[in-house]
Amino acid sequence: MLNRSAYVRVALAAVVGVLALTRPIGAQAPTLKGDLLQDWAAMKDTMMKIADAMPADRYGFRATPAERSYAEQILHVADGNRIGMGLLGTSVKAPTIDMKATAKPEVLKALADSYDFGAAVIRALSDEQLLQPVRTLPFLGMSTRARTVVFELGHAWDIYGQMAVYLRLNGIVPPASQRP
């Protein structure tokens, strides 16, 4: 029969053993760069799906006259990605975004290009560089590069919410809300 301290050691060893089995052999520990790339790719997928959900003939739709059109919402995200990620100090060439575009294929390409640019910027930086401060957007001031990436992700989620309302006003269920 085990005494209390021996039981605790056996139980702890069993927990450590189980936890060790949850990570595949040879798997690397998460990195800041890897996490940001994963989140950036997921955001691209999410935004491309919601951007594509609106029919091409409704890309000029505005919830109210004062608001951006659906196409303008998408281009706002694309341009925000281009500007924000362009401030991170890499040699990656930013895409050209036509802010007057209205055709669905052109708008979708601008969005995809902006996310591809952002991914290339993140790949060009090390974890150490992502933690270094740079002068970014005026309202962020001096911020780490990582904070700027996270800001751009949050900005896209904000616009995603607005786009979801635009879709619903047109009788379309946003892709993330669709059920099989």
Revision key, fill the gap. Residue-normalised 222 nm signal for the chain, counting each DSSP H run of n ≥ 4 as -39,500 (n - 2.57), nearest 500 deg cm²/dmol, is -20000 deg cm²/dmol
Exercise for review: Give me the number: length gained by fully extending residue 62 to residue 131, i.e. 0.36 nm times residue separation minus the C-alpha to C-alpha distance, one decimal in nm.
Suggested key: 20.9 nm
Point to revise | Whole-Å semi-axes of the ellipsoid equivalent to region 47-125 (Cα gyration tensor, √5λ, descending) | key: 25, 12, 9
Exercise for review: Any lysines with Cα under 22 Å of the residue 33 Cα? List them, leaving off those in the same chain fewer than 8 positions away.
Suggested key: 44, 93
Review point. Per residue, what volume in Å³ does the convex hull of the Cα atoms of the chain enclose?
Key: 205 Å³
Exercise for review: Could you order peptides 81-88, 127-134, 162-169 by the average number of other Cβ atoms within 10 Å of their residues, highest first?
Suggested key: 81-88, 162-169, 127-134
Revision key, fill the gap. Taking 0.36 nm per residue of separation between residue 109 and residue 29 and subtracting their Cα-Cα distance, the length gained on full extension comes to 25.4 nm
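Dipole size in debye (nearest 20) for the chain around its Cα centre, Lys and Arg Cβ +1, Asp and Glu Cβ -1?
Working: 20 positive and 16 negative charges, 93 e Å.
About 440 debye.
All of the numbers you see were taken from the coordinates with simple rules; none came from a lab. Please read these numbers as outputs of a predicted model, since none were measured by experiment. Note: ideal-geometry Cβ built from the backbone for every residue, glycine included; neighbour counts use all protein chains shown.
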